[in-house]
Amino acid sequence: MEGDPVTFLPRLALAEDARWVDPTRYRVRLRGDARFHDGQAVTAADVVATYASVLDPAQRSRLRTTYARVLREVRAVDDRSVEFVLHGPDGSIDTLLQLGVLPQRDAASPERRPEEIARERLAGSGPLRLTRYAPDALSLEVVGGGGAFRALDVVTLHDPNTLALRLLHGEGDVAELKPELYGLFEGRAGFEVASARTSGMTYLGMHCEHGALADVAVRRALALALDRPSLQRAMLGARAATSTGVLPPSHWAYTADVARYPFDPVAARRALVAARGAGAPPLRLTLRVSSQRFAVTAAQAITAMLRDVGVEVDVRPSELATLLSDLRAGRFDLTLLTVPDLSDPFGLGFWFGSASVPTAANPTAGGNRWRFRDAELDAALDAGLRTLGPEARRPHYQRAQRVLAAQLPVIPLWHADVVFALRRPYRGLRPRGDGQLDFLLRLTR
């Protein structure tokens, strides 16, 4: 399976058919022409071995917890048919089946070290073949040739300035841009810039057990104080969609029928007085952000908007590891962060479900750092997870969106695009918003 890059609906890839036998058995039939790079057919045994390796405790896969929660057994029905046996009905199975399939011999062997991968030329089944791997770099070659290039070297650069200099000096042909680089490359001679919508969300999170923030009326007042469209335009230009809720408008489960909080500082001041009393001292909050320049700039703009309605905010940047540790421990009032992927809304349970609140005994219970608990939301998320098929799941996740918009554990700000710059003579840049690189195969020169 793979995800549609616009709607994020799962769709067939190596399979020609997928259907429910009963509520706990999901049967997938592989395409007859599915082949690995070495020409061998992709078989049911390869699929079974791939999933068995993830479920095997000895392999220590980081995916094991997620997959073991859903899958009880994976078995071959015949050479091209695989049956996934679930512990119980679970609508997230289509997303879990987007795991890449390895040949049986590779899936059954221990995890490779980078130098072993470089020697072995592991076989995959996609349009790009891995030829070299290192922690911050890899090389791919185009299977079957054709297109604008034969090979691709992918390098990870964490500093935007270094990335910009290398791209400008011809030491790279295409790069994903951070927001602070948009203006440098947009309209620049010799470059093409293009973007795609993603399923991520940037938000202002609130500690729902904080004295004042425990009151939903205060959280709603803060939402009214934020000029989110202006903030988005200033920070990202047209390279984002303004949030009306936690899911982007193109998402298959999206609903526009949620509570809205248009910018209204007068109403925000009135709501704060009504919630806290006419003689209450000014509300003072601490806003925790990463030390990344873009995040600090956005946080300062948010601080100015909140100050205009009588809320004093102290911005405290930190390195990301420190920030996340403090959020898990509850050492914050407000925070500015991004959920990178909500392509399947079962992920809302991780971010907002009552069982996902970190505790001292279990600091990694989940992403609900807001300490938000709501029985109606939990019921909607559970129903969405236990229902099969997008059409049946959609009403439950739309109900969840309405609860989140009404109760506001986080204030959604925007859904940022993924943005790429391409150096001439290559042309035809049309990126995907899901992290897949196959759009590079459609470049021309």
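Take the residues of the range 3-54 that are in a helix (DSSP H, G or I) and aliphatic (A, V, I, L, M): which is farthest from S92 (Cα to Cα)?
Among them, the one singled out is A45.
Name the pairs: first residue in the range 324-349 and more than 22 Å from M235 (Cα to Cα), second residue part of a strand (DSSP E or B) and among the basic types (K, R), Cβ to Cβ under 6 Å, at least 6 apart or on different chains?
Listed by first residue and then by second, the contacts come to F332/R288.
So which residues in the range 290-304 are farther than 22 Å from A214 by Cβ and under 28 Å from the mean Cα position of the chain (by Cα), if there are any at all?
Taking the range 290-304 and keeping what is farther than 22 Å from A214 by Cβ, we get 290-301, 304.
Answer for the range 290-304, where residues must be farther than 22 Å from A214 by Cβ and under 28 Å from the mean Cα position of the chain (by Cα): S290, S291, Q292, R293, F294, A295, V296, T297, A298, A299, Q300, A301.
Looking only at the range 403-429, count every residue that is surrounded by fewer than 15 Cβ atoms within 10 Å (Cβ to Cβ) and either out of contact with any Phe, Trp or Tyr (no Cβ under 8 Å at 6 or more places or on another chain) or more than 21 Å from P160 (Cα to Cα) (or both) and tell me the total.
Let us first name the residues in the range 403-429 that are surrounded by fewer than 15 Cβ atoms within 10 Å (Cβ to Cβ), namely 406, 424-425, 427-428.
Adding the requirement that they be either out of contact with any Phe, Trp or Tyr (no Cβ under 8 Å at 6 or more places or on another chain) or more than 21 Å from P160 (Cα to Cα) (or both) leaves 406, 425, 427-428.
Selection size over the range 403-429: 4.
Residue by residue through the range 102-137, note down the ones that are farther than 30 Å from E73 by Cβ, loosely packed, with under 15 Cβ neighbours inside 10 Å and at pLDDT 80 or above.
D136, A137, listed by residue number.
Would you confirm whether any residue within the range 198-211 is in the same structural domain as H251 (by TED's automatic domain parsing) and without any contact (Cβ under 8 Å) to a residue 60 or more places away in the chain?
yes
Is it the case that the range 430-437 has a residue that's surrounded by 18 or more Cβ atoms within 10 Å (Cβ to Cβ), assigned by TED's automatic domain parsing to the domain that holds F263 and in contact with a Gly (Cβ under 6 Å, 6 or more places away or on another chain)?
Checking the range 430-437: not a single residue is surrounded by 18 or more Cβ atoms within 10 Å (Cβ to Cβ), assigned by TED's automatic domain parsing to the domain that holds F263 and in contact with a Gly (Cβ under 6 Å, 6 or more places away or on another chain).
Got at least one residue in the range 11-31 being of a type in the set (K, R) and farther than 23 Å from F346 by Cα?
yes
Being surrounded by 20 or more Cβ atoms within 10 Å (Cβ to Cβ), over 30 Å from L334 (Cβ atoms) and aromatic (F, W, Y) narrows it down to one residue among F149, F185; which is it?
F185
G39 fails exactly one of the following numbered conditions: (1) in contact with an Asp or Glu (Cβ under 7 Å, 6 or more places away or on another chain); (2) surrounded by fewer than 17 Cβ atoms within 10 Å (Cβ to Cβ); (3) without any contact (Cβ under 8 Å) to a residue 60 or more places away in the chain. What is the number of that condition?
With (1) in contact with an Asp or Glu (Cβ under 7 Å, 6 or more places away or on another chain); (2) surrounded by fewer than 17 Cβ atoms within 10 Å (Cβ to Cβ); (3) without any contact (Cβ under 8 Å) to a residue 60 or more places away in the chain applied to G39, the lone miss is (1).
Which of (1) closer than 24 Å to A380 by Cβ; (2) touching an Asp or Glu at 6+ places or on another chain (Cβ under 8 Å); (3) not charged (D, E, K, R) does W20 not meet, given it meets every other one?
(2)
Checking L99 against (1) more than 24 Å from the chain's Cα centre (by Cα); (2) modelled with pLDDT of 80 or more; (3) part of a loop (DSSP other than H, G, I, E, B): exactly one of these is not met. Which one?
(1)
Please specify each residue of the range 169-197 satisfying the condition of being in a helix (DSSP H, G or I), touching a Lys or Arg at 6+ places or on another chain (Cβ under 9 Å) and either assigned by TED's automatic domain parsing to the domain that holds P412 or without any contact (Cβ under 8 Å) to a residue 40 or more places away in the chain (or both).
none
The values are calculated or read from the model by the stated rules, or taken from the named source; none is laboratory data. From a predicted model like this one, the values you see are computed outputs, not experimental measurements. As a convention, Cβ positions derive from the backbone with ideal geometry for all residues, glycine included, and neighbour counts pool all protein chains shown.
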